[in-house]
Every structure is written in structure tokens, then in C-alpha cells.
Ligand SMILES: N[C@@H](CCC(=O)N[C@@H](CS)C(=O)NCC(=O)O)C(=O)O
């Protein structure tokens, strides 16, 4: 336990915040959930971590933490009890792959359903106003928070969400949710009776965007096991649970891995190639450009175009670093995994920079 509570600066509408909040609850760490008004986001938070972003954690000693994965890694190292890392090599690889899927691919679902569903967009604007300008009348808060919503909407074309891919994003998301429901009918969590990092990451968008937003709650009408999983993660019973023995990966996760490798995996292979090519051409560079231009991609069988966002390499390195030759061989049974980056990035002072 920390001697004084951690302060989690987060809004309920934010998926990465949901990931960290559920994690802190499972770990039984003392924390205060503190929704930052706009002036704190643009003031103390931007000053501490370089951008107006959530979640951040402010520690009792004044140090700050940012990025859900980095926050969780640091707290796991500090508080090893109630570990969320399964013991087996295959399990560890799949755990980090599913974190990568939740954090980096489910953004397609998060952004599409929120901003292309009028009832969700209106709800999000209300929530942004309520949290961003507490105490102000709703109509005024909504008007003032408009630029924040506009900024979020501006990410849709960058991510490749347009008329070509909307149907694919829905097909992909609804299939993933059905597959999760089938899995959760047999196991309380992804790897047994104890939640792993991947549970927190994969639950975040479906809960914080799709379930909470009123225009898409209906997606869960026929998914009772997913709804019960949300409850277990939001209000943990205190039971520790166990990971499946023998490094077992339930068969019900296999179709999820197949789609991940076929679609997200193909995009990531292109991202890695583009980064390596750029690094060959810029041997002195310390930082990568934020984007390396557009690339074709496929989601839910629909082809479109999205930007190659270089920060993504940091998340790809996580499963690769955990992989063993045996676990990689096993994974290749589910699809191609042509990810062999020649360049590495690290997070330094809350920024992703080349490790040179
Ligand atoms: N990779 C980061 C992503 C955090 C993130 O994108 N947070 C969103 C809210 S859910 C945000 O604050 N975005 C502001 C922005 O991108 O300008 C993490 O895992 O914490």
C-alpha cells in the first residue's frame, strides 16, 4: 500500500482511464479518482507530462505518471502482490498482444461508435462539459468544451474511419464482442479466474465508449457474459483467482488472435517497415515524425487508408520483448506475424523517442 493515496486524473468517458481505474481497484491500491477540469488539463497536467491527456497519476511525493501501460508496469514492479501477469510464456505473449489490440486497434471502434452515432456524440459532449467545466450550466459547458470534442473527431480520418471502413469497423467490433461473450461464458477472465493486463485493456473501450454511451448500449443486449465481466472488472470482489495452469490458452481466444494477426498485424508490419526505412534515411534523428503518411489497411474485411502513427512501435515492442522462440512459433500457427523491427523506441520524459 502507498502511505497516501495516488490521485488518478481521469474522466469516465475515457477508455485508457477505465483500464487504469479497474486495475487500481483489483490491486486494492488506495487512490482518489479526480476528474480534471479543463484548466487543470491545460495547466498542471500539461506542465507535468507535456500534454493535456488522461489518465495521469499524481503520486503523493509529487511525481507524475502517464500512459496507461507505463503506469501499470511501474505499479506492478512496485506492488507485486496480486500480479496481473500470467506465468506461462504463451500466456504472457497473448496477454501483451491483447493489450496491444485493446489499446491500439479498438480505438477504431471507440472513435467510430462515439462520433458517428448522434446520441453518443451528444452524450459525450454533455460528459465533457460536466467534467471539463464543473459547476457551469450545461449549455455553456457544452459550448466551451466544443473544441475538445472537435479535436477528438479530427482523429477519425487519421485512423482510417470513413465511408469505406465504417461497416468493417462495426463488423469487426460486433464479432469481437460475440467472441468475448463466448469465451466469458466459460471463464470469468481471459486467462482463468484472475484478471490479467489484457482484461483491463480489452474491457476499456467496450465499457467506456460502447456500453456507457447510450446509443450503443444495445450492442450488449445479447451479451450477458460481457456485461458480467464489466461488473467484475469495475467492482472486483476482492478474490484473487488463478491463471489457467500449464500455460493454457483457451480455444475461445484463438479466433480473436487470428483476426488480430490478419488485420492489425498487417498494419503493424507496414508500420515497422516504414519506420525502419525512415531510420535508414535519417541515421542522425532522435525522434520519429508523428506520422509516416497514409497506408492501406483492412478492418472487418473492409479496405481503407489510415496514417502510420509511429508511436505505435512502443506498444508493438511489448509483446515482442515478452516472446520466446517457442511462443512465437506457436503464435504463427494462427497467422503471419512479420514484425521484426530493426529500430527501437523508448519513452523518455513522457515522449516516445528513438533508442539511439
Ligand atoms: N496511450 C495512452 C493514450 C491516452 C489517451 O489517448 N487518452 C485520451 C483520452 S482516453 C486523451 O486524453 N487524448 C487527448 C489527446 O489525444 O489529445 C495511454 O495508454 O494512456
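Among the residues of the range 141-161, write down those that are exposed (fewer than 15 other Cβ atoms within 10 Å of the Cβ) and either at positive phi or not in a helix (DSSP H, G or I) (or both). Correct list: 154 only. Which one of the conditions (1) assigned to a helix (DSSP H, G or I); (2) within 16 Å of the ligand (Cβ to nearest atom) does residue 352 fail to meet, given that it meets all the rest? Unmet condition: (1). Against the definition (surrounded by 18 or more Cβ atoms within 10 Å (Cβ to Cβ), touching a helix residue (DSSP H, G or I) at 6+ places or on another chain (Cβ under 7 Å) and not assigned by TED's automatic domain parsing to the domain that holds residue 269), how does residue 94 come out, yes or no? Considered against the rule, which asks whether it is surrounded by 18 or more Cβ atoms within 10 Å (Cβ to Cβ), touching a helix residue (DSSP H, G or I) at 6+ places or on another chain (Cβ under 7 Å) and not assigned by TED's automatic domain parsing to the domain that holds residue 269, residue 94 comes out as yes.
For the range 265-300, filtered to residues that are out of contact with any strand residue (DSSP E or B) (no Cβ under 7 Å at 6 or more places or on another chain) and part of a strand (DSSP E or B), the residue that is surrounded by the fewest Cβ atoms within 10 Å (Cβ to Cβ) is 298.
One line per residue, one yes/no per condition, for (1) touching a helix residue (DSSP H, G or I) at 6+ places or on another chain (Cβ under 7 Å); (2) farther than 26 Å from residue 236 by Cα; (3) without any contact (Cβ under 8 Å) to a residue 40 or more places away in the chain:
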{"position": "10", "(1), (2), (3)": "yes, no, no"}
{"position": "23", "(1), (2), (3)": "yes, no, no"}
{"position": "32", "(1), (2), (3)": "no, no, yes"}
{"position": "35", "(1), (2), (3)": "yes, no, no"}
{"position": "40", "(1), (2), (3)": "no, yes, yes"}
{"position": "46", "(1), (2), (3)": "no, yes, yes"}
{"position": "49", "(1), (2), (3)": "no, yes, no"}
{"position": "66", "(1), (2), (3)": "yes, no, no"}
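The residue that is surrounded by the most Cβ atoms within 10 Å (Cβ to Cβ), among those in the range 301-314 that are closer than 19 Å to residue 154 by Cβ and in contact with a strand residue (DSSP E or B) (Cβ under 8 Å, 6 or more places away or on another chain), is 308.
Filtering the range 18-77 to residues that are at positive phi and within 13 Å of the ligand (Cβ to nearest atom) leaves 50, 67. Go through the range 78-111 residue by residue and tally those that are away from the ligand (no atom under 15 Å from the Cβ) and within 23 Å of residue 312 (Cβ to Cβ). Adding up the residues that qualify gives 7.
Within the option set 64, 39, being closer than 20 Å to residue 314 by Cβ and surrounded by fewer than 20 Cβ atoms within 10 Å (Cβ to Cβ) holds for one residue only, 64. Residue count for the range 313-341, restricted to those that are within 16 Å of the ligand (Cβ to nearest atom) and farther than 23 Å from residue 255 by Cα: 2.
The values are calculated or read from the model by the stated rules, or taken from the named source; none is laboratory data. Model, not experiment: these values are computed from the prediction. As a convention, Cβ positions derive from the backbone with ideal geometry for all residues, glycine included, and neighbour counts pool all protein chains shown.
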